[in-house]
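Have a look at the structure below, then the notes.
Laboratory data are not the source of any read-out in this text; all were calculated from the coordinates shown. For clarity, every value in this text was computed on a predicted model and none was experimentally measured. Glycine gets a Cβ as well: all are built from the backbone with ideal geometry, and neighbour counts include every protein chain shown.
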């Protein structure tokens, strides 16, 4: 006989994080593998999370004058090679189309790893005068990066979904002013919707985006002690405008090159969110992005079935005015089986209602994040559900923030740095800005500088590696 399928999570998060993470996503029916290695299928509950991220981020983009557009997925090889630093950074990951049917193409077509080169070839025809600027465009699309490292569901896949922001300005000052606008939007989404804290900072020259003059990121800390890059913002200076002749005539009648920025948030954030909040029972999804925020589970026997279901339906109708709610009236499953299923799928709040509750004119609220239950009167159930969801959202963020703080260390010496890195987490240490010191630390410890905090103050410390005068404090961590 075939082995019975185990529906629950069979490993502990604390003992085998990688296997636990995979089981949580697959068994909760959030996503699945596709026949193509490294590419995934988003099931409805998983895609709904992305739809919320996209919708709420897009609203904020539009408020600051960003407009959506769409450019093709195929990029001629000649265009991809126009900005040499850019193509050098992406060339190992590019997937190519070489044939149409049985006919070989005259020029290979790259499947979009990112859209700078294709977009700027076209945009160069649109910009003529300072009156055409600023130009603020965004795309919501998919990209392909054929990484050869081990793919991980949502965290490192060969195809993923994201936004691509591409903006052009007449002056460097205008371009730089956008940085804080965009990073603030991304912080709002990650903190207030996904309940994810992060460290905002500048990438080193070795770690910045290929083709950019400077890169800024929000870095998250995963439960296994490794850091992972979240949303990012890149100041591209005039590198691409010079490569693609994006010029305009300024107010003085002189020819100038445009100043450009690019920025993105991707479906990786879903993986970070799930890994951060979920537990050994399955998913835990913050209410503001949950596909189903509340599930009502009626508990009845043959005698009470009609009465309980009638009251459960009334409650569902009342809640659905403000909440994403599901009434689980399946009668072939026991209440306990339903509880386990919705816990596995991460629904933030469960409402239980049975015959005794009808007599007491109450319902039972059960939180997914901490398992706490309480009884509330039916008359105020809608208000209490809203209150409970708000508390769950806030508690998830505070719990993740506490984890980040507890696993952020300070080091003044190399021995302290190495010792702290063994514990996992992020280590703040002085650095002299030498690429050699950065490379040596990475080579000897497996950790890299994930970013440089934005709130740099004057320091009087010595470089954690070479002992020379330090210039900045850097965030070191092992990373994905």
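Just the number, please: percent antiparallel of the DSSP beta bridges in the range 292-403, rounded to the nearest 5. Please list the in-between numbers first.
Values: 9 of 17 bridges.
Counting only bridges with both partners in the range 292-403, antiparallel ones make up about 55 percent.
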Evaluate the relative contact order of the range 143-298 (contact order divided by residue number), counting alpha-carbon pairs under 8 angstrom at least 6 apart; express in whole percent.
27 percent
In this structure, the FRET efficiency calculated for residue 331 and residue 281 from their beta-carbon separation, with R0 = 30 Å, to the nearest 0.05, is 0.80
Going by average Cβ neighbours within 10 Å, how do the peptides 35-41, 216-222 rank, with the highest at the top?
216-222, 35-41
Sequence of 387, 288 once ranked by neighbouring C-beta atoms within 10 Å, starting from the fewest
387, 288
Contour minus Cα-Cα span, residue 247 to residue 206, at 0.36 nm per residue, comes to 11.9 nm
Once normalised by the length of the chain, the mean sequence separation of its alpha carbon contacts under 8 Å that are 6 or more apart gives a contact order in percent of 14 percent
Determine, from the Cβ-Cβ distance of residue 375 and residue 340 and an R0 of 22 Å, the FRET efficiency 1/(1 + (r/R0)^6), rounded to the nearest 0.05.
0.50
Simple spin-label model, 7 Å along Cα-to-Cβ: residue 254 to residue 104 in nm?
5.0 nm
For residue 382 and residue 22 in the same chain, what is the full-extension length gain: residue separation times 0.36 nm, less their Cα-Cα distance, in nm?
126.1 nm
Among 189-196, 156-163, the order from most to least packed when residues are scored by Cβ within 10 Å on average
189-196, 156-163
For the residues 448, 310, what sequence is obtained by ranking on other C-beta atoms within 10 Å, fewest first?
310, 448
Full extension between residue 359 and residue 314 adds, at 0.36 nm per residue less the Cα distance, a length in nm of 14.6 nm
Using Cα atoms only, what is the angle between the long axis of helix 172-188 and the major principal axis of the chain, expressed in degrees (0 to 90) to the nearest 10?
20 degrees
